[in-house]
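Novice: Pasting a structure below so you can have a look.
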Amino acid sequence: MDQPLPPAPLSVVTVILLVGQFIARAVGDGILNKSYIDAYKGSVDCDQAREALKRAAVLLSMTRVGRKIDSVWGTGGGQQPVKKLVKEIDMLLKEYILSGDVSEAERCLQELEVPHFHHELVYEAILMVLEASGDTTYKMMLNLLECLWKSAVITLDQMKRGYDRIFQEIPDINLDVPHAYSVLERFVEDCFKAGIISKQIRDQCPSRGRKRFVSEGDGGRLKFESY
């Protein structure tokens, strides 16, 4: 760490970031001792080395260290197992409920690098609304989805897929969560008013009234099954 980094086709800034990420991952995996950074940070003469150590220290000091260190070097993005991604999104939403920091939630979602899996966040967010007592979670998830939609982090396709999954599973959800239908209808209507979803998605929202009416006619076929 005492010698200047050799010339490389990558920019100096990129090399510093990569070295910092590598050191952070090595410490996170237990390959390097936790005292490694502190031991060298104040003694190296190379400016680039100091910056790399500083970058590593920042990564290690962030909240949610385990996930961040796992993803800064090696397997990440869509290569991660689905179960792990589901767990990450669940953790992200729970931390958002505690902190109320929309920007942090958005940043964490983008760092997962799985835009094709954003429907899971939509699904989990609505499910939390249905399972929650009181309006706090309701308002927070409405705000989160609105911000993620307006910032174009979540696309129309991913938003629709998340809602479709809830619509398909609401009969089963309602078995464990009384009033799930009425809460869902209210949430969907508020999302429509906020411009988060289209009229088409809003109109597809199932209700117990419509379910009972259609199931008694049309050969017993439930309307939401055709979505």
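Novice: Can you tell me which residues in region 36-52 are of a type in the set (A, V, I, L, M, F, W, C) and over 14 Å from residue 25 (Cβ atoms)?
Specialist: Of everything in region 36-52, those that are of a type in the set (A, V, I, L, M, F, W, C) and over 14 Å from residue 25 (Cβ atoms) turn out to be 39, 44, 46, 49.
Novice: Give region 127-174 a look and list any residue that's of a type in the set (Ser, Thr, Tyr) and in a helix (DSSP H, G or I), or say none.
Specialist: If the condition is that a residue be of a type in the set (Ser, Thr, Tyr) and in a helix (DSSP H, G or I), then 136, 137, 138, 163 are the ones that fit.
Novice: Given the criteria within 15 Å of the chain's Cα centre (by Cα), closer than 30 Å to residue 148 by Cα and either modelled with pLDDT under 75 or part of a helix (DSSP H, G or I) (or both), does residue 67 qualify?
Specialist: When the stated conditions are applied, residue 67 passes them.
Novice: Limited to region 207-227, what total is found for residues that are outside any helix (DSSP H, G or I) and either at pLDDT 95 or above or over 24 Å from residue 141 (Cβ atoms) (or both)?
Specialist: Number of matching residues: 4.
Novice: From the list 92, 98, 112, 130, exactly one residue is free of Cβ contacts under 8 Å to residues at least 40 places away in the same chain, out of contact with any Lys or Arg (no Cβ under 6 Å at 6 or more places or on another chain), surrounded by 14 or more Cβ atoms within 10 Å (Cβ to Cβ) and of a type outside the set (Val, Ile, Thr). Which is it?
Specialist: Exactly one of 92, 98, 112, 130 is free of Cβ contacts under 8 Å to residues at least 40 places away in the same chain, out of contact with any Lys or Arg (no Cβ under 6 Å at 6 or more places or on another chain), surrounded by 14 or more Cβ atoms within 10 Å (Cβ to Cβ) and of a type outside the set (Val, Ile, Thr), namely 92.
Novice: Moving to a separate point now. Can you tell me which residue within region 35-57, out of those that are within 16 Å of residue 12 (Cα to Cα) and among the charged types (D, E, K, R), is surrounded by the most Cβ atoms within 10 Å (Cβ to Cβ)?
Specialist: Per the stated criteria, the residue is 55.
Novice: If you check 138, 163, which single one turns out to be out of contact with any strand residue (DSSP E or B) (no Cβ under 6 Å at 6 or more places or on another chain) and either more than 19 Å from residue 208 (Cβ to Cβ) or modelled with pLDDT under 95 (or both)?
Specialist: Going through 138, 163 in turn, the sole match is 138.
Novice: Determine, yes or no, whether residue 173 is among the β-branched types (Val, Ile, Thr) and crowded, with 19+ Cβ neighbours inside 10 Å.
Specialist: No, not satisfied.
Novice: Sticking with this one: In this structure, does residue 155 turn out to be among the hydroxyl-bearing types (Ser, Thr, Tyr) and free of Cβ contacts under 8 Å to residues at least 40 places away in the same chain?
Specialist: No: the conditions fail for residue 155.
The values are calculated or read from the model by the stated rules, or taken from the named source; none is laboratory data. Here the structure is a predicted model, which is why all the values come from computation and not from measurement. Positions of Cβ are backbone-derived with ideal geometry, glycine not excepted, and every protein chain shown enters the neighbour counts.
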